[in-house]
Amino acid sequence: MQKLTSQSDWITRAQAVLPAGGFGNFDPGIMIARGEGSRVWDEDGNEYIDYLIGSGPMLLGHGHPEVMEAVLEQLPKGMTFFANNAKGVELAEAIVEAVPCCEQVRFVASGGEADMYAIRLARAYTGRNKILKFEGGYHGMSAEAQMSLAPAARVNFPQAVPDSAGIPQGVADQMLIAPYNDLAAVDALLNEHKDVAAIIAEPLQRIIPAEPGYLQGLRDLCDKHNVLLIFDEIVTGFRVAYGGAQERYGVTPDICTLGKIIGGGFPLAALGASAQIMQHFDKDIVGADKWLMQLGTLSGNPVAAAAGLKTMEVLRRPGSYERLRSIGKKLQEMQSDALTKAGVPHQICGDETLFDIFFTEAACRDYRSAKHDDPAKNAAYNAALRKHGIFKSPGKLYPSLAITEADLEHTQAAVLEAVRSTFLD
């Protein structure tokens, strides 16, 4: 068979064997061939500055030499064992040392899997079934997580709206949906429903920041109503600070989930809590009725653990997070300055380590307010950025430590061109 090398050929092949022509993750109209440092190249050889970074895990950039060395050292020793291994234990120790709520952790292969088990763990520990989540909150692909993730229709709270086919009504009946950044709504729901096992929340919901006092308010309400608090730190863990949102905002949940960065670009995630809560994974302690069964073929595999350990070691070095925030602030300012000069209403939403721009004058405080006045303008702006060598999600921008001053200069030029072509021509 003749080797097909062009991007269009690969896209055609993908359409034949993949539903919707893709993996379900990102725009199937682009085929990435390789990444190095802060850059990626598509199959036609077009070069981009990478602000998608694999949806978050490549915080050090692609092919970081120290991470590569750690992985290559581990590979000849074994890739996976379905058994305990020293690298996995070392990684667990590093997580426990860094993350305030974690006395013990259990490894899984993906963030969505970690969130699923966190919800199940809360139910096992409390003996209750209902879960409160926030409209627009992303917690993976489980049936519970697919409730009111991105509902097209506005319904009355706390009604749950499934975002996927194949979910039975019984799942929706066990979910309560509240607006983000609204403590009064949460308190009212907890007063009405006494069978809530846990609240699950992103400390930074997609890119919507928690308002001052909001996370502590959730902690206080959970304590008041004897409900567990789960922080989904798949994205924020080891990104907004080394100890995650718990360290940055000073609020400790009962359970947290971690992913992306802790695997250094390989499939690995975790959930953690106190030893008392985590004992539900130990049948000898809690007995068969309260035991939470969990296993996975690749859970804690040593290659991912080695990559995660080295990534975390690099992040612990002095100045890492200061530099990451400096890069993010420059990326925010260059876009805001260009849009302001062009007279374009906008809001920067998020954190210096993860953010994007909404083309609106309205404050972005929850799912219903965080939107563009004209979504077509956002699509055109992002398309123009890509045309000028910027690779990012339509809804967020991830800075990385691989970004150089030359990358920032290129990005600024691309932003100016994107603003001009989208809003001024």
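The values are calculated or read from the model by the stated rules, or taken from the named source; none is laboratory data. Keep in mind that this is a model prediction, so the values were computed, not measured. Because the Cβ atoms are built from the backbone with ideal geometry, glycine has one as well, and the counts that use them run over all protein chains shown. Surface accessibility is based on the protein's heavy atoms, side chains included, excluding ligands, DNA and RNA. Shrake-Rupley method; radii C 1.70, N 1.55, O 1.52, S 1.80 Å.
Observations on the structure shown:
- Out of Ile199, Ile177, one residue alone is of a type outside the set (Asp, Glu), part of a strand (DSSP E or B) and without any contact (Cβ under 8 Å) to a residue 60 or more places away in the chain. It is Ile177.
- Evaluation of His280 against (1) closer than 28 Å to His64 by Cα; (2) buried (at least 17 other Cβ atoms within 10 Å of the Cβ) (one fails), failing number: (1)
- Helices (runs of 4 or more DSSP H) contained in segment 51-161 and holding at least 3 residues within 30 Å of Ala383 (Cα to Cα) and hydrophobic (A, V, I, L, M, F, W, C): none
- Selection status of Gly21, touching a Pro at 6+ places or on another chain (Cβ under 8 Å) and either more than 19 Å from Lys396 (Cβ to Cβ) or basic (Lys, Arg) (or both): yes
- Criterion (out of contact with any Ser or Thr (no Cβ under 7 Å at 6 or more places or on another chain) and of a type outside the set (Phe, Trp, Tyr)) met by exactly one of Gly112, Gly78, Gly61: Gly78
- Subset of segment 87-110 (residues that are open to solvent by less than 20 Å² (accessible area, probe 1.4 Å), within 16 Å of Gly300 (Cα to Cα) and touching a strand residue (DSSP E or B) at 6+ places or on another chain (Cβ under 9 Å)): Gly88, Leu91, Ile95, Val108
- Residue match in segment 240-251 (condition: in a helix (DSSP H, G or I) and aromatic (Phe, Trp, Tyr)): yes
- Total residues in segment 385-398, condition more than 21 Å from Ala33 (Cα to Cα) and either at pLDDT below 95 or part of a helix (DSSP H, G or I) (or both): 1
- The residue that is nearest to Ile403 (Cα to Cα), among those in segment 301-329 that are open to solvent by 10 Å² or more (accessible area, probe 1.4 Å) and small (Gly, Ala, Ser), is Ser326.
- Hits in segment 188-203 (condition: touching a His at 6+ places or on another chain (Cβ under 8 Å), surrounded by 15 or more Cβ atoms within 10 Å (Cβ to Cβ) and not β-branched (Val, Ile, Thr)): Leu190, Glu202
- Here Arg368 fulfils each of the conditions (1) of a type in the set (Lys, Arg); (2) in contact (Cβ under 8 Å) with a residue 40 or more places away in the chain; (3) in a loop (DSSP other than H, G, I, E, B); (4) out of contact with any Gly (no Cβ under 9 Å at 6 or more places or on another chain) apart from (4).
Table: residues versus (1) polar (S, T, N, Q); (2) closer than 21 Å to Lys329 by Cβ; (3) modelled with pLDDT under 95.
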| residue | (1), (2), (3) |
| --- | --- |
| Ala210 | no, yes, no |
| Leu218 | no, no, no |
| Asp223 | no, no, no |
| Leu229 | no, no, no |
| Thr236 | yes, yes, no |
| Tyr242 | no, yes, no |
| Val251 | no, no, no |
| Cys256 | no, no, no |
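- Test: residue in segment 354-365 that is in a loop (DSSP other than H, G, I, E, B), open to solvent by less than 10 Å² (accessible area, probe 1.4 Å) and free of Cβ contacts under 8 Å to residues at least 24 places away in the same chain: yes
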